[in-house]
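Inspection log for the structure reproduced underneath, given as structure tokens.
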Amino acid sequence: MIPADNLQNMGSETAFAVLARANQLAAEGRDIINLGIGQPDFRTPDHIVEAAVKALRDGHHGYTPAPGMMPLREAVAADILKHRGVEVSPEQVMVVPGGKMTMFFAILMFGQPGHEILYPNPGFPIYESMIRYTGATAVPIELHEDRLFSFSADEVLSKLSDRTRLVIINSPGNPTGGVIDDDELDRLVAGLEDFPETAVLSDEIYCRLVFDNRAHRSLLGYESIRDRLILLDGWSKTYAMTGWRAGYGVWPRSLLDDIDKMIVNANSCTNAATQMACIAALTGPQDSVETMRQAFEERRGVIIDLLNAIPGFHCVMPGGAFYAFPNIAGTGRNSWELGQALLEECGVATVHGTSFGAMGEGFLRLSYAASMDNIRESARRMGDYLS
Ligand code: PLP
């Protein structure tokens, strides 16, 4: 068989490979602590689960409209007004099976040979993978450790040209936990006015996981780019629903027919019972969201202190999400080698920084969506190993 050439350009997400290896080692009887995979270690709240069970019992077994059930799209629009203070039409809300699908569609929509797409590096690996798959040129936006993994707007603007079709922003960010400075966002958006043909994809999947009493700054709040902004969000991280596969995009009106067509071609619609659960998530009690956020903030304080006490590690304080991204250059090991050694020799699963792009060399990603006991024990093992 001879698959298409561009398949060779597609990358992957190492966290899933790490998860598989960690599970294999655990199945062999090893005591493995998994700080590799990026998902909340909480159960989906009961009222959300019950809504899905009821939906199945009530007979929601068929297709739904491709962009999602209207009551769900309305609930998303109401949630956006509540949390982002911006009125969007439910027609602009396109429900998809997971946050990832919005980036997949957006990059497919804008990528082709000769086009350039800017993306964060180190960043979520699927951005670069999909850009390369389309044949577009992947232009990195460097996130700087000494800026707490924010970017310099001047640096980003210097990379824009009339070939730039899409700029991808992710804040709070994976893998760094960094939150982009408000000032830099202001300057970036001001500069984008000189590039009216350039679309923006704002991945705000971690928007409800922001710490230090800071408010999340949504790119949807900037009126000057609203007619070319694609907002990515979903239920996975906010409501501990990674396995349900539910996400949404808010799309500019001019792209609604195109995204509808892509959804119909790809997945027809999102699972009906999942959509009913998503309505319950948005319209039901919200206390679990804050409970989880507080738990992550508390664990963040503990893990960052512990990481900074490990020989050769240095870790800045992340402003959001649930990732620590320590600089491990002081260990004298590269990030792949060290990640392997920590898994195989200490039973601690992490993800090496280079799986998030070339600029991740010298770093490891640790997800602290794990119990306090596991956080402490993993730090003890890593500290002993490196001492
Ligand atoms: N965007 C970022 C930055 C992520 O880290 C993830 C998942 O880890 C996603 C999007 C995808 O989320 P989902 O699991 O809803 O597809």
Looking across region 303-332 at residues that are out of contact with any helix residue (DSSP H, G or I) (no Cβ under 7 Å at 6 or more places or on another chain) and surrounded by fewer than 23 Cβ atoms within 10 Å (Cβ to Cβ), the single one that is nearest to TRP235 (Cα to Cα) is ILE304
Say we look at region 219-239 and pick out the residues that are away from the ligand (no atom under 11 Å from the Cβ) and more than 21 Å from PHE104 (Cβ to Cβ); which of these is surrounded by the fewest Cβ atoms within 10 Å (Cβ to Cβ)? GLU223
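Looking at MET292, MET359, which is the one that is of a type in the set (A, V, I, L, M), surrounded by fewer than 20 Cβ atoms within 10 Å (Cβ to Cβ), within 28 Å of ARG208 (Cα to Cα) and within 21 Å of the chain's Cα centre (by Cα)? Let's see the steps before the verdict.
Values: MET292 fails: surrounded by fewer than 20 Cβ atoms within 10 Å (Cβ to Cβ).
That would be MET359, the only listed residue that is of a type in the set (A, V, I, L, M), surrounded by fewer than 20 Cβ atoms within 10 Å (Cβ to Cβ), within 28 Å of ARG208 (Cα to Cα) and within 21 Å of the chain's Cα centre (by Cα).
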Look at GLU345 and say whether it is touching a Gly at 6+ places or on another chain (Cβ under 8 Å), surrounded by fewer than 24 Cβ atoms within 10 Å (Cβ to Cβ) and touching a residue at least 24 places away in the same chain (Cβ under 8 Å). no
Please find, among PRO90, PRO71, PRO67, the residue that is within 16 Å of CYS278 (Cβ to Cβ), more than 16 Å from the ligand (Cβ to nearest atom), in contact with a strand residue (DSSP E or B) (Cβ under 6 Å, 6 or more places away or on another chain) and not hydroxyl-bearing (Ser, Thr, Tyr). PRO67
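Count, please, the residues in region 153-189 that happen to be surrounded by fewer than 18 Cβ atoms within 10 Å (Cβ to Cβ) and either within 14 Å of GLY221 (Cβ to Cβ) or under 13 Å from the mean Cα position of the chain (by Cα) (or both). Give the derivation first.
Filtering region 153-189 for residues surrounded by fewer than 18 Cβ atoms within 10 Å (Cβ to Cβ) gives 154-155, 157-159, 161-163, 182-183, 186-187.
In the following step, the residues that additionally are either within 14 Å of GLY221 (Cβ to Cβ) or under 13 Å from the mean Cα position of the chain (by Cα) (or both) were identified as 182, 186.
Qualifying residue count for the region: 2.
Looking at this structure, is GLY347 under 30 Å from GLU28 (Cβ atoms) and touching a Lys or Arg at 6+ places or on another chain (Cβ under 6 Å)?
Yes.
Across region 199-225, what is the number of residues that are of a type in the set (Asp, Glu), closer than 15 Å to ALA321 by Cα and over 17 Å from the mean Cα position of the chain (by Cα)? Full working, then the answer.
Filtering region 199-225 down to residues of a type in the set (Asp, Glu) leaves 203-204, 212, 223.
Imposing the further condition that a residue be closer than 15 Å to ALA321 by Cα reduces the set to 203-204, 212.
Those still in the list that are over 17 Å from the mean Cα position of the chain (by Cα) too: 212.
Selection size over region 199-225: 1.
Helices (runs of 4 or more DSSP H) wholly in region 113-196 with at least 1 residues that are within 16 Å of the ligand (Cβ to nearest atom) - which ones?
Values: elements: 125-134, 153-158, 182-192.
Fully inside region 113-196 and qualifying: 125-134.
Of all residues in region 48-86, how many are part of a loop (DSSP other than H, G, I, E, B) and touching a residue at least 40 places away in the same chain (Cβ under 8 Å)?
12
Let's see how each residue does on (1) at pLDDT below 95; (2) assigned to a helix (DSSP H, G or I); (3) under 18 Å from GLU297 (Cβ atoms); (4) in contact with a strand residue (DSSP E or B) (Cβ under 6 Å, 6 or more places away or on another chain):
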site: GLY330; (1), (2), (3), (4): no, yes, no, no
site: LEU338; (1), (2), (3), (4): no, yes, no, no
site: LEU342; (1), (2), (3), (4): no, yes, no, yes
site: ALA370; (1), (2), (3), (4): yes, no, yes, no
site: ILE375; (1), (2), (3), (4): no, yes, yes, no
site: ARG381; (1), (2), (3), (4): no, yes, no, yes
site: ASP384; (1), (2), (3), (4): no, yes, no, no
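The values are calculated or read from the model by the stated rules, or taken from the named source; none is laboratory data. All values reported here derive from a predicted model rather than from experimental measurement. All Cβ positions, even for glycine, are placed from backbone atoms using ideal geometry, and neighbour counts span all protein chains on display.
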